[in-house]
Amino acid sequence: MTTNLPAIGFQGPHGFQEPHDAVDLGHLGQILRRRAGTIVMFVVGATLFALIYVLFSTPQFTVHGALFLGDSESAADVRPSGLNFLSDYSTQSDVETQIELITAGALVQHAVLETGLNAQITPAGAPPLTYWRWQFYHGGQTKSFVPGPTTLQALYAATPGRYRIVVGKGNSYTLYTQHTLFAHAHFVLRGILGRPAAGGGIHLLLEPAGDHFHAAPGTSYDLRVSSPEALANSLLAGALTVTAGGPPTQPTKIATLQFRWNNPWQGRRFVNQVMADYIATQLSWNTQSASTTASFVTEQLTHISASLAQADKKLATYQAQTGLVDVPQNAAALINQLAQYQAQRAKLELQKEELQQINSSLSAQHGLDNPYLVSQSADTVLPTLTTALSDAETKLAQLRSQFTDNSQHVKVQEAQVVKIEASIRAIVHNNLAVADKNLANLDKIIAQFQERIKAMPTEALNVISLQRSTNVLGQLYALLMEKDEEAQVSKAATIINTRIVTPADMPLIATSPKAVITIVFGALAGLIAGVSLVFGQHSFSGRFESEEQIRLAVRLPVYGAVPRQTKAEITGNIFGPKKLNPFSESFRLLRGNIYRGTVPKTSMVILIISSSKEDGKTTVAANLAKILADDGKRVVLVDADLHLSPLDGLLKFGDTLGLTSWLETGTRPTLQNWPDENFKVLPAGAASFSRREPLNETALGAIFQNLKNDFEYIIVDSPPLPTVSAGMTLGIFADLILSVISVSHTSRRAFNLHNELIAALGRPHGIIINEVESLYYRDD
């Protein structure tokens, strides 16, 4: 018996088409429809997970504030004439440096302690404020976070731990550690609200957060304190960001602070505190150098003032004792001249001190950060050079923000800065040498005057000495008064114009969670995960995942393609309820292919087999028997699956005699009628026979010969091969072997072995593709 049947292709608008290797989107749609349940399960699961995440997450709020990063400058309009300040000398850091200063760990940590951000106080036993609680109990209003009359806050708490606060009478309170599984609660300290308290290794300031505090005595609160340093570091890792407007190469001087926190009221206080602390710190830095100079002059002025008072007292006492009120005119002139020289020497000493400070500043590479010192250096070239140095350093900072340190532009500018610094250093060294030389000359002149004074009478000499001290100290005092006035004006004139542009305010809505977006994203994530899983299983399952794959991989005639039955088409019977439907039509096509693909003869044995169980071979065998019988053929369905008979469970044959008893006794049992159908059934028979070697080839040949005498078509439902070897024996007597391959169920490896075994029989062999996409076979 031979067959001459082409493989059945997909039916298109121009008839049947051969399969090809092009990507078929319809095939992908088949996979998605077939595994729609899995995809829906992932979508529903991911959506529920997203919903639970939204409901039980802690709401987060974003607070914004803005700073103008102004220049540090001297108030030229308030400085008196005669003071040579550098109006063009700049002490402003570049924008990036100022942003780094704002986000310095110490400044943020200080703001954390000042606002109590690291010390969270809640009523004792209160559950965490989740998103659903905030929406349900507070209507999603941020004003619910504003402190009420029973709200407390803890400031400057630096000792991490969990504590219990119990309010007493007269605004007193007691602090305990919280009871845990591993430690009992114990007393820490007692304090008064609004007053700093310390004890038990901790210190803090516990005070009402709102007005009109009236918590009843005995009211308890939970206090959780975290490390301010650790919290500051975690905030700088993402919750607190400071950015400048404009492009990165030319940022503006407006710095925007953005802070994300679970309490908008605390977040607003924290952002405002950070901005205020930065302004205070910048003002402190900018007045530090002027304060140092003013302190030095004030200290010298105090010393000279005391010395002058003592000299005046000595002169008055001596004059009263000796009666010598005045000295000769030439002696007085001598004393005055000597006083002038000594005053000049003191002035040179001050200039030398200022030059040495400038030199130390250059040597330490801190830059010339004191305009007052430069202005008092008594050099006309030095201010011009320092202004040029400031401009060069500013340009270098800009170039470094645009290029790397190895850039030619940066290297040229660095060389320019080094050159200007070398020129300033040379001038300072020269001025120091000149000052030393002038001091040496003045010392010689003063020594000469002192020798001339020694030649005068003793009484006159004493008066001259006392008057000289008084005059010298008086001139020094006047000089230092002038210097002190200049230093104080310089200190007062050092101002900053950094300002808070936009104070932080409480946001009206929560930043996260974004309920709708999160749930939609969860659904999309579930959809993507489900589709990915489906296609992943499709790619790596090792099974035939589509009709197209089977047609391309199996080079055997395709006798039929049986569509998957819908739920409406599946009933308790193995046959569909409708006479005309894709399922029944597929068997009519199968019947026609059998007619055309085989040589007509009086009887024919068709073996229906598969490579694994549950591929649908029994359904195919029964429906094939029905469709042949409907065409007027005499048909018998032989249940040869002796190990696990699906037909026996479907038709409830029980202990009815069947194939097993016929093989054992050689006596033909009574054939059964399929209910409401016009074909016969030879049941498998008693299950006890399956424990022996059931299929005797000789006895089996006699059985098939007997059946051929009465029937035109003998449809044999075989056990799966290679799972059970009986299929090989049954195949010897088959005129046509039809292997059932189920989409998404049949293993490629198992079918390859199955096909090799069937090929060894040398019998006509074709395939029936089961559970294909039914849409291809509908006439819509």
Q: Give the number of residues within segment 719-777 that are β-branched (Val, Ile, Thr), open to solvent by 50 Å² or more (accessible area, probe 1.4 Å) and either under 25 Å from residue 589 (Cβ atoms) or touching a Ser or Thr at 6+ places or on another chain (Cβ under 6 Å) (or both).
A: 0
Q: Determine if segment 716-726 includes at least one residue that is at pLDDT below 90 and either among the basic types (Lys, Arg) or part of a helix (DSSP H, G or I) (or both).
A: yes
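Filter segment 174-204 down to the residues that are assigned to a strand (DSSP E or B) and open to solvent by less than 30 Å² (accessible area, probe 1.4 Å) and list them by number.
174, 175, 177, 188, 189, 191, 197, 199, 202, 204
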Q: Please find, within segment 95-117, the residue that is least open to solvent (accessible area, probe 1.4 Å) out of those that are assigned to a loop (DSSP other than H, G, I, E, B) and farther than 26 Å from residue 514 by Cα.
A: 116
Q: Could you check, for segment 29-48, whether at least one of its residues is assigned to a loop (DSSP other than H, G, I, E, B), closer than 30 Å to residue 241 by Cβ and at pLDDT 70 or above?
A: no
Q | Tally of residues being closer than 21 Å to residue 600 by Cα and polar (S, T, N, Q) across segment 721-738 | A | 0
Q: For residues that are over 26 Å from the mean Cα position of the chain (by Cα), among the small types (Gly, Ala, Ser) and not in a helix (DSSP H, G or I), tally how many sit in segment 121-146.
A: 4
Q.
Looking only at segment 617-656, filter to residues that are open to solvent by 20 Å² or more (accessible area, probe 1.4 Å), small (Gly, Ala, Ser) and over 25 Å from residue 699 (Cα atoms); which one of those is modelled with the lowest pLDDT?
A. 649
Q.
Tell me whether segment 142-152 contains one or more residues that are touching a strand residue (DSSP E or B) at 6+ places or on another chain (Cβ under 8 Å) and of a type in the set (Gly, Ala, Ser).
A. no
Q. Just checking, how many residues over segment 688-699 are in a helix (DSSP H, G or I) and modelled with pLDDT of 50 or more?
A. 3
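The values are calculated or read from the model by the stated rules, or taken from the named source; none is laboratory data. Note that the coordinates shown come from a computational prediction; the quantities given were computed from them, not determined experimentally. We place every Cβ from the backbone using ideal geometry, glycine too, and count neighbours over all the protein chains shown. All accessible areas refer to the heavy atoms of the entire protein, side chains included, with ligands and DNA or RNA removed. Shrake-Rupley method; radii C 1.70, N 1.55, O 1.52, S 1.80 Å.
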